[in-house]
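Encoded as structure tokens, the structure appears first; notes follow it.
The values are calculated or read from the model by the stated rules, or taken from the named source; none is laboratory data. Quantities reported herein were computed from a predicted structural model and do not represent experimental measurements. Positions of Cβ are generated from backbone atoms using ideal geometry, with glycine treated the same way; all protein chains shown enter the neighbour counts. Protein only, heavy atoms only, side chains kept; ligands, DNA and RNA dropped before computing areas. Shrake-Rupley method; radii C 1.70, N 1.55, O 1.52, S 1.80 Å.
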Amino acid sequence: MSTTAPLPALGRRILRSRVLAALTTPHGVDRYLEMVNPMWAAEEVRARVVSVTRENPLADGPGSAAVATITLQPTSTWRGHRAGQYVQVGVDLPGSAKRMTRCFTVSSAASVPGEQITLTVRAHDEGQVSKHLVAAEPGLIVHLSQAQGDFTLDESPATPTNNHLLFITGGSGITPAMSIVRTLLRDGYDGRAGRKVTFLHYARSAEDQIFAAELAEIAAADNDVTVHLRHGDHVFSEFELRRLVPGYRDTDTWACGPAGLMELVVAAYDGGGEHRLRTEFFKAPRPAAGSTEGDVAFTRSGTTLAEAANTGATLLEQAEALGLKPEFGCRMGICFSCTTRKTEGTVRNVLTGVTSSLPGEDIQICVTAPEGDCAVEL
Amino acid sequence: MSAAHIEDVLETLDVETTKKLTAEQLDAFGAEMDAIRQRILSDLGEEDAAYIRRVVKLQRGFEVAGRALFYLPPAWPLAVASLSVSKILENMEIGHNVMHGQYDWMGDPGLNSRMYDWDNVCPGEQWKYSHNYIHHTFTNVLGKDRDIGYGILRMDEDQPWHPYYLGNPLYAFLLMVFFEWGVAMHDLEVENIVKGTRTLEDNKALHAGIMRKVKRQAIKDYLLFPALTGPLFPLTLVGNATANLVRNIWAFNIIFCGHFPAGVATFSEEECENESRGHWYYRQLLGSANITGGKLFHLMTGNLSHQIEHHLFPDLPARRYPQVAEEVQEICERYGLQYNTGPLGKQLFSVARKICKMALPPKTAGA
């Protein structure tokens, strides 16, 4: 069985049947299917890399990194995505045998179940997953989540409006906006977005500009989309935005990019129009700041339960000192009862001394102390 | 003086000569164990991942083969054998070890202790509490480790005798036959309900979890798979039950050899108050026993034939235990600590003897 094509519809229905689930309990159908063909799945989502295209072949100056668009063929379990959503991508890194999972925005237009999608990924120096993806060979199998996120065009195609739309993006933050604009142009009438669209993007340099050819094409075509590209030291200013879009505070706006840009954009909408602004931040892992500086936050499904200055004690002790009652067992790192997910920050295993700054990492809080700022999901 | 009596005396002597270490020696001993642990942790990688994935593949192969062979009535013994091997591998080398968190570092949800549930009527969630936490933290501490006799048997001199324990061998036999059910009921602490220190109300939350798991397991093995073989329904049903029985007997015997052969020490709660890491290691070592054997044997026991190494390093991948066993043994020799090991026959005999001996009231002093 050499094919890695997704499963036909009848096969899907059988695989998702309750009978098969009961027969394969407690492991589930997927634990058997993956042994036969990694592209067969009943619940889980995986994808095969179809092609990898370098987006900025000329960029190799200091500070610039390779950017590539990776085309993926998901398994038939992929439910499709709305433009602007992201997906968690898990890759088994060769050598360490560890699966690393990171979030990437889908850069292609909205997809339907089973349809191919693209990710556009910048290979950060410290980004093990992004570097692996940018250098991937066709045929590589990756693990996916279903699409997630609300940074999307929130009106359905069934009830379209013709409101003006504004996108302000920087660097890799262009990807969700690109997905939305591509969707508008694809689904609109005669290649038109069907409403006025303003696309304002900031890139490090012309060489580092991704989607340059496509953006030039979009800018030149008669399609209602205006594209403004800013390169180099040209920073965002409220003055310039007001000149381009005088009524920006009354315009639905999507902003996505590095922290510096985002602060300026948020400030520009401060005191009116905040409800028009939707933002998405990309968080990069922060290096260790020191053993007992910073704040420790304990959260549960998005809400902060408690937050306090880092005392340097283990996370379990710090949580208990704040009056929280996280689950625990042996308190010596052997039973895994207290395993929780660290969402942000650097932590140190007090038994091994090993530090880690990976986002979204499972840790045993009884033997883990934070270094600097840290957030833990209890 | 009979031969058995001489053995009794020797055994008593053996218990009394359990070597005590000073606090400094315990710290040094603990540091040596920590060093082994550290070395293995930093060496975990592709070989360990490839190993467990290979075992999973092998087990799935036996599972599918076993289920399929029930369609050929003459191959019935082969089907039962194949399914038994699948269940043993799944419970011992995969389930037990994965649920210990031995492979959590891989980041694979299919091999993660928080996601994995095993092919056993005991819900993984409940087992992890009583086993990973209670048993592995308070190993062989009387009154704390409910794995000493599982609340059913008398397995230690210091458990007060009661006429109920005259049935010790019978209870042990029944526990062996119904082992997975015993494991499933372990968390309900029935003995404490009888004693009145636990109420049925306390068990309410556990009941639902057990019933859900029992239902799923029973539907699979005793309804759906037999039904799929049509007219062969009874044969398949009996075959599945036999495979579960084989797994029960095997798991029971291996596990009993891990903590109950003669010479394994138990500890009092006072001894373990505020214990050091070194003392915890010391207790794990003296509270466990190994079984010698070949590679295949170790695989089929889920490497619990290296119970000592498992108790010293419960969260390290089990395939590492044979690799560090020699070193652990050498360290024990240097500290003059007993390293309890022997072939399966010897350890089984020793366990059986203890089960029978503990059925009877302790001999009064001077008798």
Scan region B:274-293 and tell me whether some residue there is out of contact with any strand residue (DSSP E or B) (no Cβ under 8 Å at 6 or more places or on another chain), more than 14 Å from every other protein chain (Cβ to nearest Cβ) and of a type in the set (Lys, Arg).
no
So which pairs qualify, if the first residue must be in region A:93-106 and more than 11 Å from chain B (Cβ to nearest Cβ), the second must be open to solvent by 40 Å² or more (accessible area, probe 1.4 Å), the Cβ gap must be under 6 Å, and the two must be at least 6 apart or on different chains?
A:Cys103/A:Tyr86; A:Cys103/A:Gln88; A:Thr105/A:Tyr86
Considering only residues of region A:5-29 that are in contact (Cβ under 8 Å) with a residue 12 or more places away in the chain and of a type in the set (D, E, K, R), which is nearest to A:Pro74 (Cα to Cα)?
A:Arg12
Count, please, the residues in region A:223-246 that happen to be touching a residue at least 12 places away in the same chain (Cβ under 8 Å), more than 15 Å from A:Phe167 (Cβ to Cβ) and not hydroxyl-bearing (Ser, Thr, Tyr).
5
Every residue from region B:132-150 that is in contact (Cβ under 8 Å) with a residue 24 or more places away in the chain, open to solvent by less than 30 Å² (accessible area, probe 1.4 Å) and not hydroxyl-bearing (Ser, Thr, Tyr):
B:Asn132, B:His136, B:Asn140, B:Val141, B:Asp147, B:Ile148
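Sort out which residues of region A:93-111 are in a loop (DSSP other than H, G, I, E, B) and more than 21 Å from B:Met106 (Cβ to Cβ), and write them in order of number. Don't jump to the end; show me each part of the working.
In the first step, residues of region A:93-111 are kept if they are in a loop (DSSP other than H, G, I, E, B); the result is A:93-98, A:107-110.
Correct list: A:Ser107, A:Ser108, A:Ala109, A:Ala110.
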Would you call A:Glu307 of a type in the set (Asp, Glu), open to solvent by less than 70 Å² (accessible area, probe 1.4 Å), over 19 Å from A:Ile180 (Cβ atoms) and at pLDDT 90 or above?
no
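Please specify each residue of region A:151-180 satisfying the condition of being free of Cβ contacts under 8 Å to residues at least 60 places away in the same chain and of a type outside the set (S, T, N, Q). Step through it out loud before you land on a result.
Let us first name the residues in region A:151-180 that are free of Cβ contacts under 8 Å to residues at least 60 places away in the same chain, namely A:154-162.
Hits for region A:151-180 are A:Asp154, A:Glu155, A:Pro157, A:Ala158, A:Pro160.
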Within region B:78-93, identify whether any single residue is more than 23 Å from the chain's Cα centre (by Cα) and in a loop (DSSP other than H, G, I, E, B), and answer yes or no.
no
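Is it the case that A:Gly114 is touching a strand residue (DSSP E or B) at 6+ places or on another chain (Cβ under 8 Å), open to solvent by less than 60 Å² (accessible area, probe 1.4 Å), part of a loop (DSSP other than H, G, I, E, B) and modelled with pLDDT of 95 or more? Spell out the reasoning first.
Working: touching a strand residue (DSSP E or B) at 6+ places or on another chain (Cβ under 8 Å): yes; open to solvent by less than 60 Å² (accessible area, probe 1.4 Å): yes; part of a loop (DSSP other than H, G, I, E, B): yes; modelled with pLDDT of 95 or more: no.
It is false that A:Gly114 is touching a strand residue (DSSP E or B) at 6+ places or on another chain (Cβ under 8 Å), open to solvent by less than 60 Å² (accessible area, probe 1.4 Å), part of a loop (DSSP other than H, G, I, E, B) and modelled with pLDDT of 95 or more.
Looking at region B:49-58 only, could you name the residues that are more than 7 Å from every other protein chain (Cβ to nearest Cβ) and in contact with a Lys or Arg (Cβ under 9 Å, 6 or more places away or on another chain)?
So in region B:49-58, the residues more than 7 Å from every other protein chain (Cβ to nearest Cβ) come out as B:50-56, B:58.
B:Tyr51, B:Ile52, B:Val55, B:Val56, listed by residue number.
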Of the residues in region A:314-371, how many are among the acidic types (Asp, Glu) and more than 10 Å from every other protein chain (Cβ to nearest Cβ)?
4
Scan region B:99-116 residue by residue and report those that are part of a helix (DSSP H, G or I) and either within 7 Å of chain A (Cβ to nearest Cβ) or closer than 20 Å to A:Ser145 by Cα (or both).
B:Asp104, B:Trp105, B:Met106, B:Pro109, B:Gly110, B:Leu111
Which one is nearest to A:Leu20 (Cα to Cα), of the residues in region B:59-69 that are more than 9 Å from chain A (Cβ to nearest Cβ) and open to solvent by 10 Å² or more (accessible area, probe 1.4 Å)?
B:Ala68
Would you pick out the residues in region A:8-30 that are over 32 Å from the mean Cα position of the chain (by Cα) and surrounded by 14 or more Cβ atoms within 10 Å (Cβ to Cβ)?
A:Leu20, A:Ala22, A:Leu23, A:Thr24, A:Thr25
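Restricting attention to region B:188-211, does a residue exist that is among the small types (Gly, Ala, Ser), surrounded by fewer than 17 Cβ atoms within 10 Å (Cβ to Cβ) and touching a residue at least 60 places away in the same chain (Cβ under 8 Å)? Outline the logic, then answer.
Looking only at region B:188-211, we keep the residues that are among the small types (Gly, Ala, Ser), and these are B:196, B:205, B:208-209.
So of that shortlist, the ones also surrounded by fewer than 17 Cβ atoms within 10 Å (Cβ to Cβ) come out as B:196, B:205, B:208-209.
Pick out the ones that are also touching a residue at least 60 places away in the same chain (Cβ under 8 Å) and you get B:209.
Within region B:188-211, one or more residues are among the small types (Gly, Ala, Ser), surrounded by fewer than 17 Cβ atoms within 10 Å (Cβ to Cβ) and touching a residue at least 60 places away in the same chain (Cβ under 8 Å).
Sort out which residues of region A:337-367 are in contact (Cβ under 8 Å) with a residue 24 or more places away in the chain, hydroxyl-bearing (Ser, Thr, Tyr), open to solvent by 10 Å² or more (accessible area, probe 1.4 Å) and part of a strand (DSSP E or B), and write them in order of number.
Narrowing region A:337-367 to residues in contact (Cβ under 8 Å) with a residue 24 or more places away in the chain: A:338-348, A:350, A:355, A:357-360, A:363-367.
Checking the rest, the ones that are also hydroxyl-bearing (Ser, Thr, Tyr) come to A:339-340, A:343, A:346, A:355, A:357.
When the remaining residues are screened for being open to solvent by 10 Å² or more (accessible area, probe 1.4 Å), the result is A:339-340, A:343, A:355, A:357.
Those that are in contact (Cβ under 8 Å) with a residue 24 or more places away in the chain, hydroxyl-bearing (Ser, Thr, Tyr), open to solvent by 10 Å² or more (accessible area, probe 1.4 Å) and part of a strand (DSSP E or B): A:Thr339, A:Thr340, A:Thr343, A:Thr355.
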Looking only at region A:269-285, decide whether some residue is surrounded by 13 or more Cβ atoms within 10 Å (Cβ to Cβ), among the β-branched types (Val, Ile, Thr) and out of contact with any helix residue (DSSP H, G or I) (no Cβ under 7 Å at 6 or more places or on another chain).
no
Could you please let me know if B:Lys215 is closer than 25 Å to B:Asn97 by Cβ, at pLDDT 95 or above, surrounded by fewer than 21 Cβ atoms within 10 Å (Cβ to Cβ) and of a type outside the set (Gly, Ala, Ser)?
no
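Matching residues to (1) crowded, with 17+ Cβ neighbours inside 10 Å; (2) of a type outside the set (S, T, N, Q); (3) under 23 Å from A:Thr25 (Cα atoms):
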residue: B:Lys220; (1), (2), (3): yes, yes, yes
residue: B:Pro234; (1), (2), (3): no, yes, yes
residue: B:Val238; (1), (2), (3): no, yes, yes
residue: B:Val246; (1), (2), (3): yes, yes, yes
residue: B:Phe260; (1), (2), (3): yes, yes, no
residue: B:Phe267; (1), (2), (3): yes, yes, no
residue: B:Asn274; (1), (2), (3): no, no, no
residue: B:Lys295; (1), (2), (3): no, yes, no
